[in-house]
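Novice: The structure is given below, and queries will be raised subsequently.
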Amino acid sequence: MSVVFQPIVDLLNGSVLAYEALARCKAKGLENPLVLFEAAAEQKLCGRLGRTLRELATTECPGHALFLNVHPHELSDRWLVQPDDPIFTHEPGVYLEITESVPLSHHALVQGTLRELRNKGIGLVVDDLGAGYSNLRYIADLAPEIVKLDRGLIEKLHEDPRRLKLVTSIVRLCGDLGARVVAEGIETPAELAAVMDAGVHFVQGYLIARPALPPPIPVAQAGIPNGPSTRREARNARAPFVDKPTPTRPTSDVEQVSRRRRTTASFKTRR
């Protein structure tokens, strides 16, 4: 088992806001992180798996903020609030991605866990906005620092004026509520230009950088100043960022690290 990292980039200056940690498993039948976590949940090992991934992520990506996905079971069984969890000492900080699969309204324990995490300095991200029905309620209930737009909203955004108006309104609403917006799943220059038109400042996706270990550094090939003319040019331009590996210490044997219960991360397969 291992983790890879995909950067979330600030379009205003090309800097990395944070890295999302993504789980990888080579075991036959468990290559899909969703399947991996469901198998762990069936064996009541979800909390231990999440802890191992958090240890891996914080170890392999020091000095950068991290986005970590959590399984609902991790919020209800108190694994995330153990005092020695590495998320509480990682600098410059950790954000936990919450989806509508987390049952906020029916589990006081989950709500208590989230409050405790925030009191300890952990940020919250509402993930996959636009993929389900209750995400807007989550924004109201959680008051997240960051909201991530689902790729379903972004795909072909440049071809659909009505959808562009909708995304623009969502971005403004989130800003009014104090949340930054990340557009995930950016794969083409046209999609990048469209989210810029909608007012999005943070992006993630294959166009920017593919998940990798060590964490890739997206390097700006050229600035992207604001303005309609520049955005039109972006539709036909090459990607403004390229992957550049950053030096890091050699990775030790993954299974040995896993046995020592190092690190956390995500159960998504691509962004």
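Novice: Looking only at the range 45-52, decide whether some residue is in contact (Cβ under 8 Å) with a residue 60 or more places away in the chain and either part of a strand (DSSP E or B) or basic (Lys, Arg) (or both).
Specialist: Yes, that holds for at least one residue.
Novice: Give the range 38-92 a look and list any residue that's touching a Ser or Thr at 6+ places or on another chain (Cβ under 7 Å), modelled with pLDDT of 95 or more and surrounded by fewer than 21 Cβ atoms within 10 Å (Cβ to Cβ), or say none.
Specialist: 59, 86
Novice: Would the range 150-162 turn up any residue that is in contact with a helix residue (DSSP H, G or I) (Cβ under 6 Å, 6 or more places away or on another chain), surrounded by fewer than 21 Cβ atoms within 10 Å (Cβ to Cβ), β-branched (Val, Ile, Thr) and modelled with pLDDT of 90 or more?
Specialist: No; the residues of the range 150-162 include none that is in contact with a helix residue (DSSP H, G or I) (Cβ under 6 Å, 6 or more places away or on another chain), surrounded by fewer than 21 Cβ atoms within 10 Å (Cβ to Cβ), β-branched (Val, Ile, Thr) and modelled with pLDDT of 90 or more.
Novice: What are the residue pairs meeting all of these: first residue in the range 157-182, first residue within 18 Å of residue 125 (Cα to Cα), second residue among the polar types (S, T, N, Q), Cβ atoms under 8 Å, and 6 or more apart or on different chains?
Specialist: Going by the 8 Å Cβ cut-off, the qualifying pairs are 182/204.
Novice: Under 6 Å between Cβ atoms, which residue pairs at least 6 apart in sequence (or on different chains) link something in the range 1-24 that is over 21 Å from residue 91 (Cβ atoms) with a partner that is aromatic (Phe, Trp, Tyr)?
Specialist: What qualifies is 23/267.
Novice: Return the residues of the range 56-73 that are within 18 Å of residue 25 (Cα to Cα) and over 17 Å from the mean Cα position of the chain (by Cα); say none if nothing qualifies.
Specialist: 59
Novice: What number of residues within the range 194-209 are part of a helix (DSSP H, G or I) and surrounded by fewer than 22 Cβ atoms within 10 Å (Cβ to Cβ)? If you could, list the steps in order and put the result at the bottom.
Specialist: Step one: of the range 194-209, the residues part of a helix (DSSP H, G or I) are 194-197.
Subsequent filtering for residues that are surrounded by fewer than 22 Cβ atoms within 10 Å (Cβ to Cβ) retains 196-197.
The total comes to 2.
Novice: Hey, another quick one. Determine, yes or no, whether residue 42 is of a type in the set (Asp, Glu) and either within 20 Å of residue 144 (Cβ to Cβ) or touching a residue at least 24 places away in the same chain (Cβ under 8 Å) (or both). Before you say what the answer is, go through the steps one by one.
Specialist: On the way: of a type in the set (Asp, Glu): yes; either within 20 Å of residue 144 (Cβ to Cβ) or touching a residue at least 24 places away in the same chain (Cβ under 8 Å) (or both): no.
Against the criterion (of a type in the set (Asp, Glu) and either within 20 Å of residue 144 (Cβ to Cβ) or touching a residue at least 24 places away in the same chain (Cβ under 8 Å) (or both)), residue 42 does not qualify.
Novice: Right, something else. Working only within the range 126-146, note down all residues that are buried (at least 19 other Cβ atoms within 10 Å of the Cβ) and modelled with pLDDT under 95.
Specialist: The first filter runs over the range 126-146 and keeps only residues buried (at least 19 other Cβ atoms within 10 Å of the Cβ), leaving 126-129, 135, 138, 142, 144, 146.
126, 127, 128, 129, 135, 138, 142, 144, listed by residue number.
Novice: In the range 10-57, how many residues are small (Gly, Ala, Ser) and more than 23 Å from residue 206 (Cβ to Cβ)? Steps first, answer last, please.
Specialist: If we filter the range 10-57 for residues that are small (Gly, Ala, Ser), which is where we start, we get 14-15, 18, 21, 23, 27, 29, 39-41, 47, 50, 57.
Among the residues that remain, those that are also more than 23 Å from residue 206 (Cβ to Cβ) are: 27, 29, 39-41, 47, 50.
Of the residues in that region, 7 qualify.
Novice: Determine the pairs where a residue that is of a type in the set (S, T, N, Q), located within the range 85-102, has a partner that is not in a helix (DSSP H, G or I) with Cβ atoms under 7 Å apart, the partner being 6 or more residues away or on another chain.
Specialist: That search, which allows pairs on different chains as well, returns 99/127; 99/128.
Novice: Here's something else I'd like to know. Could you say whether any residue in the range 200-215 is touching a residue at least 60 places away in the same chain (Cβ under 8 Å), touching a Cys at 6+ places or on another chain (Cβ under 6 Å) and under 22 Å from residue 57 (Cβ atoms)? Explain how you work it out, then say what you get.
Specialist: Of all residues in the range 200-215, those touching a residue at least 60 places away in the same chain (Cβ under 8 Å) come to 200-206, 208-215.
Those left that are additionally touching a Cys at 6+ places or on another chain (Cβ under 6 Å): 215.
Of the ones still in play, those that are also under 22 Å from residue 57 (Cβ atoms) are 215.
For the range 200-215, residues touching a residue at least 60 places away in the same chain (Cβ under 8 Å), touching a Cys at 6+ places or on another chain (Cβ under 6 Å) and under 22 Å from residue 57 (Cβ atoms): present.
Novice: Let me ask you something else. May I ask you to verify whether residue 139 is assigned to a helix (DSSP H, G or I), under 17 Å from the mean Cα position of the chain (by Cα) and not polar (S, T, N, Q)?
Specialist: yes
The values are calculated or read from the model by the stated rules, or taken from the named source; none is laboratory data. All of these numbers come straight from a predicted model, not from anything done at the bench. Because the Cβ atoms are built from the backbone with ideal geometry, glycine has one as well, and the counts that use them run over all protein chains shown.
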